[in-house]
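The structure follows.
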Amino acid sequence: MGVRIRLSDRLERAAGLDRVVEPLQQVVRKLPPGGVRDALHGVWLGHPVHPVLVQVPVGAFMSAGFLDALGADGATSLIGLGLAASVPAALAGSADWAEQHEQQMRTGVVHAAANSAAIGLYAASLLARARRRTGLGKALGYAGLAAVAVGGLLGGDISYRQAGGANHAEETPHLVTPGWQDLMPLADLRPGEPAKAAVGEVPVFVLRDADQVFVLANKCSHMSGPLADGELSDSVLTGGGEDRCVTCPWHGSVFRLRDGAVVHGPATADQPAFATRIEAGIVQVCLPGAG
Ligand code: FES
């Protein structure tokens, strides 16, 4: 375990990889914004869609290796399926990768290189099988499986150790005391000006808008960016009509102020949103599901 972490640390710090990361990031960011990119991130699903999509090629390639080892038929079809299913998985992974921290992107580019090597080896394996060079086809398939394993290890490192794709606001309900609690005097809030405050240990972003007060967890669910430093928009068309929203300053996720819903990714998890009320001039907050 220690060896793997040391290797992962080295990858994260390998600034030389930035020569590849930066131009690739520019290419991936040319993906159409809005619906297509949101779909690739998994906004519709509520968590990244890439780990779901990779199940198909990984499962197909592993099954093909198993059939080859048994000397059974069917590996060729499975490899074809795996190659076809790699396309949407790679697109979704690329969209997520281009909106991460530099350390995650360095590991991510090696993860992508391992997977690209796997795809090349499996394509060569298919070609060899088509030419009836079954032994070579099997050998190339096993080599592809080894590359898939390396890609998978690095993908796990990005997801779990580096928390790429994790919900960075998940801890909020566990840190907030259930029930209503005082936040701050209403008079301390200037209408239309974002403010920072804290509910217990949780930093929050507060906005007074006419007679309403919106309170969201300040740490963006995508990568912990500070929402209070984000841009406010007056009316964005969201699933529930036109709403006021805030855009995260780090990677541009857009959240609806009234309930924290993700309007645009890369975030996929909604932002924790507090219910608010005014009692004797004091803004009080309550987080549904806290505790
Ligand atoms: S931290 Fe990435 S969009 Fe907010």
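Is there a quick way to get the dipole size of the chain? I mean about its Cα centre, with the Cβ of Lys and Arg at +1 and of Asp and Glu at -1; what is the value in debye to the nearest 20?
Dipole of the chain, to the nearest 20 debye: 1600 debye.
Now for a separate question. What residue among GLY59, GLY137, ALA290 has its Cα farthest toward the positive end of the dipole of the chain, where the charges are +1 on Lys, Arg and -1 on Asp, Glu, each on the Cβ?
Of GLY59, GLY137, ALA290, it is GLY137.
Something else: Shape call for the stretch 1-54 from the C-alpha gyration tensor, a ≥ b ≥ c root eigenvalues: rounded (a/c under 1.5), prolate (a/b greater than b/c) or oblate?
It comes out oblate by the Cα gyration axes.
Can I ask one more? I'd like the orientation of helix 102-130 relative to the chain: the angle between its Cα long axis and the longest Cα principal axis, in ° from 0 to 90, rounded to 10.
30 degrees
Most mobile of ALA14, ALA130, ALA39 per a Gaussian network model of the chain (Cα springs, under 10 Å)?
ALA130
Per the 1.4 Å probe, what fraction of the accessible area of the chain, in percent, lies on carbon and sulfur atoms?
Ligands and nucleic acids excluded, carbon and sulfur reach 60 percent.
As a test of the formula, what do you get for the chain when each DSSP H run with n ≥ 4 contributes -39,500 (n - 2.57) and the sum is divided by the residue count, at 222 nm and rounded to the nearest 500 deg cm²/dmol?
Value at 222 nm, helices only: -14500 deg cm²/dmol.
Any chance you could list the semi-axes, whole Å, largest first, of the equivalent ellipsoid that the Cα gyration tensor gives for the stretch 172-286, using √(5λ)?
The equivalent ellipsoid of the stretch 172-286 has semi-axes of 21, 16, 12 Å.
Springs between alpha-carbon pairs under 10 angstrom, Gaussian network model over the chain: which of TYR160, TYR122, TYR142 fluctuates most?
TYR160
Now, a different point. Please check: in the Gaussian network model of the chain (C-alpha springs, under 10 Å), which one of VAL213, VAL263, VAL52 has the largest mean-square fluctuation.
Of VAL213, VAL263, VAL52, the most mobile in the Gaussian network model is VAL52.
The values are calculated or read from the model by the stated rules, or taken from the named source; none is laboratory data. In this text, all values refer to a predicted model and were calculated from it rather than measured experimentally. Positions of Cβ are backbone-derived with ideal geometry, glycine not excepted, and every protein chain shown enters the neighbour counts. Ligands, DNA and RNA are excluded from the accessible area calculation, which covers all protein heavy atoms including side chains. Shrake-Rupley method; radii C 1.70, N 1.55, O 1.52, S 1.80 Å.
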